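Following: one structure in structure tokens, then a few remarks.
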Amino acid sequence: MGFPERWAIASLTVLRAAMINGTWIDDRPPPAPAGFLQSLGEQMKMLAERFPDPVARYLANGRRGPGRILVEPKPLPVKDK
């Protein structure tokens, strides 16, 4: 049995013990509303049109990066068989 399996078994044992003792609380955030990511993408495109030359982003060590991270999604490569 390798490390990943041992880690999974240990985690599940702790989870089950918490469930049995009534101390397990599901504190995950609620799911995003339907269409949230699509509306966020539309808002980003609107901002990109409104501000065509944004100020460069601040990066670590005082460096500056490109001003925008808006890229069109690249199609996935198709494997030939």
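Every number in this text was worked out from the coordinates using simple rules, so none of it is lab data. The structure displayed is predicted, hence computed values, not measured ones. Cβ sites come from the backbone with ideal geometry, for glycine too, and all protein chains shown count toward neighbours.
Below, the figures for the structure above:
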quantity	calculated
Label-point gap, in nm, between residue 11 and residue 34 - each point 7 angstrom along Cα→Cβ	3.1
Segment 1-58: trypsin sites (Lys or Arg not before Pro) falling in loop per DSSP and having at most 14 other Cβ within 10 Å	57
